[in-house]
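The values are calculated or read from the model by the stated rules, or taken from the named source; none is laboratory data. Given the structure is predicted, the values throughout are model-derived calculations rather than measurements. Ideal geometry is used to build each Cβ from the backbone, glycine not excepted, and the neighbour counts take in all protein chains shown.
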Amino acid sequence: MSWFRRQGLGFRIGLVTTAVAVVCVLVAAAVSYPLIRSAAETQARKQLARQAALVAGLGPQRSTSTRVRQLLGSAGIRLAVVRPDEPVRGPRLPEADLRALAAGRDISRIETLDGQRVYVEGRAMESGGGIALVQVANIAPKDQEEFFWRMLLSALVGLLVAVIAGVLLARRLARPLRRAAAGARRMAAGERSVRVDASGPAEVASVAEAVNSLAAALEVSEGRQRDFLLSVSHELRTPLTTVKGFAEALVDGVADDVPGTGRVMLAEAERLDRLIGDLLDLARLQAQDFRLDFADVDVTEVVRAAARAWSARRADFRAEIGEGPVVVRTDAGRLRQVIDGLMDNATRVCPAGAPVVLALRKETGAAVIEVRDGGPGLTADDMTVAFEKSVLSQRYQGERAGSAGIGLALVHGLVVRLGGTIEVSAAPEGGARFSVRLPSA
């Protein structure tokens, strides 16, 4: 069985088609032989019936002549003559047949005489009584042998056609599959420009199309990963360069304001810590052990706490928070992380003097948190890729203030894990609006 599993598709199709052909031939033989035998018996009985009618029409004298008996005997037919008040001449017949002929009735039966199955065709004569022709019910050995050889020839022709058709079909099916397999091996070796010809049957062509789609997706994904790594490297290098420069100034004793230098180094270190924390959270989001502490949380208190913190950091900040509790079942710490991530993104891209708004409203069955800004905004194409790592960062590198492009990707992942949804659209303030929707408790 393990040997069979190692065989190729062509071998399997050829073997299956050959097996199907053998089964079809055997079934055809099993079905056709009884039908042919039945048809032969029917034809033999009809022929015997015509002969019986012909003999009965010859009359009492001529029907029993030696010449007639010889002709019938040469065909393997025996003649029985039944006349009233006279002994039966010829083969012994059942009493029921004798009575029917003596009464002037025709008979057509299959009987068993002397252990043999025979056809009996009897016809009444106008002068009284009747004659019966008896023939052994058996297809001649010559006919059986001819039937056997014909069936064998049909089987051989069927097997030959099945093998040829199986080999051709296997080659046709296996050729595009082999191309797809070769393309997949080239992809595994690191080649991303692989494209497979999507020809052949629909199912096989779909395999080639899937390989092409996978190659394109891998090409795009790896390109984005490279861009992401470049962005992260640049983002890490900037604070490291600052820390290194100030540290060298301290070592060389050329730093005039030591406390100020320490504050700058501390701020850059905290910036590094936040970036590394975001990277770790983004990597852990898809893990099963990513911790979330769900509880019934009043979102109003979480948003108000975030508003107090961000109002101290930006003069043009505005909060729009309604009265009354808005309770959802969520993780308060992760929700604050989402709000801070959106606010951090808004304050980076929004120029001084432009508004940044944090809003909370209650809708039917949901709490909606919005972060709006008066910054440069996003195009329709930007909105479709806003939550993908480093895409917007690479697109507007050098044009807008930003980071490595992991903040919005992390926010999106957190919102999804919290059971909510996040959307981006145009804000009334002229920039972008990010709306987080969480189902009510």
### Query
In the stretch 208-267, which residues are among the acidic types (Asp, Glu), modelled with pLDDT of 75 or more and closer than 30 Å to residue 179 by Cβ?
209, 219
### Members of the stretch 290-338 that are part of a helix (DSSP H, G or I), free of Cβ contacts under 8 Å to residues at least 40 places away in the same chain and not aliphatic (A, V, I, L, M)
301, 304, 308, 311, 336
### Message
Criterion first (surrounded by 14 or more Cβ atoms within 10 Å (Cβ to Cβ), at pLDDT 75 or above and part of a helix (DSSP H, G or I)) does residue 183 satisfy it?
### Response
yes
#### Entry: Members of the stretch 91-111 that are under 12 Å from residue 125 (Cα atoms), in a loop (DSSP other than H, G, I, E, B) and among the hydrophobic types (A, V, I, L, M, F, W, C)
103
### Summary
Residue pairs within 6 Å by beta carbon, gap of at least six or interchain, first lying in the stretch 418-435 and assigned by TED's automatic domain parsing to the domain that holds residue 367 and closer than 25 Å to residue 330 by Cα, second of a type in the set (Asp, Glu) and surrounded by fewer than 17 Cβ atoms within 10 Å (Cβ to Cβ), listed first then second, are 435/423
### Task
Run down 404, 346 and say which single residue is crowded, with 18+ Cβ neighbours inside 10 Å, in a helix (DSSP H, G or I) and at pLDDT below 90.
346
### Query
Which members of the stretch 282-308 meet the condition of being at pLDDT below 85, of a type in the set (A, V, I, L, M) and loosely packed, with under 14 Cβ neighbours inside 10 Å?
283, 287, 292
### Task
Taking residue 364 as the residue in question, decide whether it is surrounded by fewer than 15 Cβ atoms within 10 Å (Cβ to Cβ) and of a type in the set (Val, Ile, Thr).
yes
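Look through the stretch 346-384, keep the residues that are among the charged types (D, E, K, R) and closer than 24 Å to residue 299 by Cβ, and return whichever of them is farthest from the chain's Cα centre (by Cα). Steps first, answer last, please.
Step one: of the stretch 346-384, the residues among the charged types (D, E, K, R) are 348, 361-363, 370, 372-373, 381-382.
Still in the running and closer than 24 Å to residue 299 by Cβ: 361-363, 370, 372-373.
On the way: 361: 44, 362: 43, 363: 41, 370: 41, 372: 44, 373: 46 Å.
The selected residue is 373.
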### Unmet criterion (only one of (1) over 16 Å from residue 129 (Cβ atoms); (2) touching a helix residue (DSSP H, G or I) at 6+ places or on another chain (Cβ under 8 Å); (3) assigned to a helix (DSSP H, G or I)) for residue 62
(1)
### Query
Do we have residue 27 as in the same structural domain as residue 131 (by TED's automatic domain parsing), in a helix (DSSP H, G or I), loosely packed, with under 13 Cβ neighbours inside 10 Å and of a type outside the set (D, E, K, R) here?
yes
